[in-house]
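A short write-up of the structure that comes next.
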Amino acid sequence: MPASSSNRRDARASRARRKRRSQGFTLLELMVALAIGTAVVATMYMLGGASARAFQEQQRISQLQLATRLAIDRVRRDVALAGYGGTPDSQRERTCGSTPFPARLIGLQVFDGDPEGTTALATMPGASAASPLQTDRIRILGNLVTSDSYLIANTGNAAATTILLQSNWQGFRRSFAADSTGTTFDTALFAEVFARGRWIHIEHPRGYHFVTQIQSATLDSAGRSPSITVSPPLPAADQCNFALCVGCMVNPLVGVDYLIAAAPAAFAPRDPQVTGANTVLLRREVEPVTGAMISERVVLEYAVEFSAVVAIDAAAVGNTPNLVWQASGAAIANPARIRAVRLSLSARSQEVDPAFEGPIRTTSGVLTAFTPFPAAVRAGRSRVRTSMAEIMLPNLAYRGL
């Protein structure tokens, strides 16, 4: 075949190919390409969105776990001071004839199924689904203000209504010195610690005890003559003459409750339809004698369970200790024999996860999920994280009552 004919055929084929390319894609090709592209983009979007949601959920859970740990650590610090500067049980203290305590004072008390917490949680379905939720309340009594005891130098008047403290006592300087030289003192802090109406516990060197209430307290910036006026006056009976109480130790008494309650107005949820009601763990300062609330602050938001169980020394006084953990809610006949407390604190995530269908509790009884909404309102559960602590109570143990 002549070369010219072959060249002509090649030229015609090349022109046909160029013509087909210039015509573009067919409609079917475009539709197939569009469908494939849409599927790829949708898949990437779904994977990216799922990853972002999983990351955000993990962040929320991590923050929840951290908040719960910090809260139980705050409770632990107060519980470890139960009875410090106070008394394990005033009914078992040495007194001088008439009872020197205005009421029965106890270093640590546990109230099972506290009504305030139960009422706060009762509006949410998760409270019944996780039945029974523990809503205990614990009350701690002792010197939780400064963790220092103060030495009486003398009584300032014959009526024994004024107490003079020793300003060069190490505990006094540690609490109130405003500089490293100990020549300037914090008068505002002194007035706060020994505030009017606060009760103080006085321990005589001979082992006698007395409680009285502050009427006023004064201290100048140079630390001269720190004095406290009290009522009733110090007793002056025979061998336990508090009116000549040189060497007596003084401690301000503070009562603190930890409990679950409805959130104060400042902590109300911004959108209850998203998070549900907010129940919080409160640290509430109470009047040691009457139990009346003085102040409160939120320790943990969205708390849903707070449980406390105590261990009693069942051995006779003077024998080798025999710690026995009491059943939840068991009556404590002798609170002076409490030697340890086991705490469990649970909080939930604010939002619900529709895909989370885990168990309400583990086989060991630990709360893991909570349902803040009825299923007809909003499906899903909030995740729960729990922190636990076991705390020894040395201030109750060393007294040996």
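Here are some notes:
- Most to least packed among 371-384, 30-43 [average Cβ atoms within 10 Å]: 371-384, 30-43
- For the options Met388, Met44, Met124, a Gaussian network treatment of the chain with springs between C-alpha atoms closer than 10 Å singles out Met44 as fluctuating the most.
- Between Pro205, Val317, Val75, the Cα set farthest toward the positive side of the dipole of the chain (charges on each charged residue's Cβ, about the Cα centre) is that of Val75.
- Other-chain or far-sequence residues with amide H under 5 Å of Ala153's (modelled H): Leu164, Leu165, Gln166
- FRET E, pair Arg94, Thr218, Förster distance 25 Å, beta-carbon r, rounded to 0.05: 0.20
- Gain upon complete extension [Ala330, Ser295; 0.36 nm per residue less C-alpha separation]: 9.7 nm
- Accessible surface of segment 201-265 [probe 1.4 Å, protein heavy atoms]: carbon and sulfur percent: 53
- Stretch gain in nm, segment Gln58-Ala188, where the contour uses 0.36 nm per residue and the Cα spacing is subtracted: 42.3 nm
- Bridge type composition, the chain - antiparallel percent by DSSP, nearest 5: 95
- Within the chain, helix-based [θ] at 222 nm, where runs of 4 or more DSSP H residues each add -39,500 (n - 2.57), nearest 500: -8500 deg cm²/dmol
- Packing-based ranking, highest mean first, of 130-139, 282-291, 320-329 given that Cβ atoms within 10 Å are counted: 130-139, 282-291, 320-329
- Sites Gln170 and Ala389 - FRET efficiency at Förster radius 45 Å, r taken between beta-carbons, to 0.05: 0.90
- The structure shown yields Cα Rg over 2.2 N^0.38 Å, and of the options (1) 1.04; (2) 1.62; (3) 1.13 that calculated value carries the label (2).
- GluC sites (Glu not before Pro) lying in DSSP loop within segment 316-401, provided at most 14 other Cβ fall within 10 Å: Glu357
- Note that the chain presents 51 Å² accessible area per residue, ligands and nucleic acids not counted, probe 1.4 Å.
- Extension gain, Gln65 back to Leu28 (0.36 nm per residue minus Cα-Cα distance, nm): 7.8 nm
The values are calculated or read from the model by the stated rules, or taken from the named source; none is laboratory data. These numbers come from a predicted model, not from an experiment. In this analysis, Cβ positions are derived from the backbone assuming ideal geometry, glycine residues included, and neighbour counts consider all displayed protein chains. Surface areas here come from the heavy atoms of the whole protein model, side chains and all, with no ligands, DNA or RNA. Shrake-Rupley method; radii C 1.70, N 1.55, O 1.52, S 1.80 Å.
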